[in-house]
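**Student:** Sharing a structure here in structure tokens format.
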Amino acid sequence: MEQALILGKISYRAPDNVLENIKKINGVKEANLVFGPYDFYVTITTETKKMMGDIALQIRSIEGIVDSLTCYVVNHSDIRPDEQGAFIE
């Protein structure tokens, strides 16, 4: 099971139903408005990373969304440092 958190920005000219349109996307578990550098967050759960990318593209294509940042959730026990010290999956 793959999980991600998407943070996004909404244009001040966006239609009022942006969040409702996000919630209609299959795989979206939660979507809420927030205060701060981003305007909303979305939690996603899918079977594959490809499906995760497809959902991120669907969200970006919604009218009124001007920017997004996708953060994949990783299990700490699933990653380890390589010889150079960088973390690999």
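**Student:** Hey, any hits in segment 57-68 for a residue that's assigned to a strand (DSSP E or B), more than 11 Å from the chain's Cα centre (by Cα), at pLDDT 95 or above and of a type in the set (Val, Ile, Thr)?
**Tutor:** Yes, that holds for at least one residue.
**Student:** Residue under question is GLU2, and the condition is that it be among the charged types (D, E, K, R) and in contact with a helix residue (DSSP H, G or I) (Cβ under 8 Å, 6 or more places away or on another chain); does it hold?
**Tutor:** Yes: the conditions hold for GLU2.
**Student:** I'd like to check something: does segment 46-54 contain any residue that is touching a helix residue (DSSP H, G or I) at 6+ places or on another chain (Cβ under 7 Å) and closer than 16 Å to ILE65 by Cβ? First the steps, then the outcome.
**Tutor:** The initial filter retains those residues of segment 46-54 that are touching a helix residue (DSSP H, G or I) at 6+ places or on another chain (Cβ under 7 Å), namely 46.
Narrowing further to those that are closer than 16 Å to ILE65 by Cβ: none.
Looking through segment 46-54, none of the residues is touching a helix residue (DSSP H, G or I) at 6+ places or on another chain (Cβ under 7 Å) and closer than 16 Å to ILE65 by Cβ.
**Student:** Please work out which residue is farthest from LEU69 (Cα to Cα), limiting yourself to segment 10-43 and to residues that are among the aromatic types (Phe, Trp, Tyr) and outside any strand (DSSP E or B). Spell out how you get there, then give the answer.
**Tutor:** Start the filter on segment 10-43 by keeping residues that are among the aromatic types (Phe, Trp, Tyr), which leaves 12, 35, 38, 40-41.
Still in the list and also outside any strand (DSSP E or B): 12, 35, 38.
Values: TYR12: 18, PHE35: 16, TYR38: 9 Å.
Looking at the filtered set, the residue picked out is TYR12.
**Student:** Starting from residues that are touching a Gly at 6+ places or on another chain (Cβ under 8 Å) and more than 13 Å from ALA4 (Cβ to Cβ), keep the ones in segment 25-59 and report whichever is surrounded by the most Cβ atoms within 10 Å (Cβ to Cβ).
**Tutor:** Filtering segment 25-59 for residues that are touching a Gly at 6+ places or on another chain (Cβ under 8 Å) and more than 13 Å from ALA4 (Cβ to Cβ), the one surrounded by the most Cβ atoms within 10 Å (Cβ to Cβ) comes out as ASP39.
**Student:** Which condition breaks for VAL18 when tested against (1) crowded, with 17+ Cβ neighbours inside 10 Å; (2) touching a helix residue (DSSP H, G or I) at 6+ places or on another chain (Cβ under 8 Å); (3) more than 22 Å from TYR72 (Cβ to Cβ); (4) not small (Gly, Ala, Ser)?
**Tutor:** Only one criterion in (1) crowded, with 17+ Cβ neighbours inside 10 Å; (2) touching a helix residue (DSSP H, G or I) at 6+ places or on another chain (Cβ under 8 Å); (3) more than 22 Å from TYR72 (Cβ to Cβ); (4) not small (Gly, Ala, Ser) is unmet by VAL18, namely (2).
The values are calculated or read from the model by the stated rules, or taken from the named source; none is laboratory data. Just so it is clear, the model here is predicted, and its values are computed rather than measured. Please note: Cβ atoms are built from the backbone with ideal geometry, for glycine as well, and neighbour counts cover all protein chains shown.
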